[in-house]
Amino acid sequence: MEVGIAVLGIVLIFAAYIAGRVGYAIENDKKEKSDYGKMNETIQDAVNEEEKQTRNWLIKTLTEIGCQPEIDDNNAIVFKYQGEEFHINARNNSPIIWIYDFSWGAININDPDANLLKPAINRANESCAVTSLYSVDERNGLIVAHCQTSAYFAYNIPYYDEYIKAILERFFIAHQHVKDELANLSRNQGRKERVEIKGFRNN
């Protein structure tokens, strides 16, 4: 009888030990899974924060709207929108981006309207959010028109994709302003027979 009780006691002690070990293993597994989940969340949070930085978010946005952005030798983001090539300088640590549209139009230096381009650009800048400017390409004998603007861009802007498209659309408005002002000045100079501005063309 006493031997049976002793054996039963040993069995119960062993069963309790096994149960304890199994319980510990289960709890430890839960803890490991919990720690693993927390680690994954931390990694995902870091990835999300990286993605939300200005330059990264801008590249993501441009990709989403079908612009296929690339990075040039000057570390600028280059892409085409509505057939026009744009360059953007953007940094992850700043919400201000600079957008450029180089050489969107040109006029021959010998064109009778060439001397009117500067005042046309000045007038256009009075009523346009995008700044127009020009440079002289002496090698090819051209006066070349450019546009630029700066803008605030961040991940928390509502409808960020439509927002960036609206900014880019302003460049085409600026182009038209310059063309219209040049046409007006040309007409005022007595060349009313000109239906279109010869020599001023999109490159």
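The numbers here are math on the coordinates, done by the rules we state, and not lab data. Owing to the predicted nature of the structure, the values given are computational and were not obtained by experimental measurement. Positions of Cβ are generated from backbone atoms using ideal geometry, with glycine treated the same way; all protein chains shown enter the neighbour counts.
How many percent of all Cα-Cα pairs in segment 54-188 sit more than 19 Å apart?
53
Of His87, Ile77, Gln53, which is farthest towards the positive pole of segment 49-93's charge dipole, taken about the Cα centre with +1 and -1 on the beta-carbons of Lys, Arg and Asp, Glu respectively?
Gln53
Using 0.36 nm times the number of residues separating Glu51 and Ser127, minus their current alpha carbon distance, what extension gain do you get?
Roughly 23.8 nm would be gained on extension.
So, in Å, what gap is there between the alpha-carbon centers of segment 97-147 and segment 166-189?
Using only Cα atoms to place each centre, the spacing works out to 10 Å.
Separation between the Phe172 and Ser150 pseudo-spin-labels, each 7 Å from Cα along Cα→Cβ, expressed in nm?
A separation of 2.7 nm, rounded to one decimal place.
Fully extended, how many nm does the chain gain between Asn188 and Glu162 (0.36 nm per residue separation, minus their Cα-Cα distance)?
Length gained, Asn188 through Glu162: 5.5 nm.
Which value in nm describes the separation of the simple spin-label points at Asn75 and Phe102, placed 7 Å from the Cα toward the beta carbon?
1.7
Separation between the Lys60 and Glu84 pseudo-spin-labels, each 7 Å from Cα along Cα→Cβ, expressed in nm?
Spacing of the two 7 Å Cα→Cβ label points: 2.7 nm.
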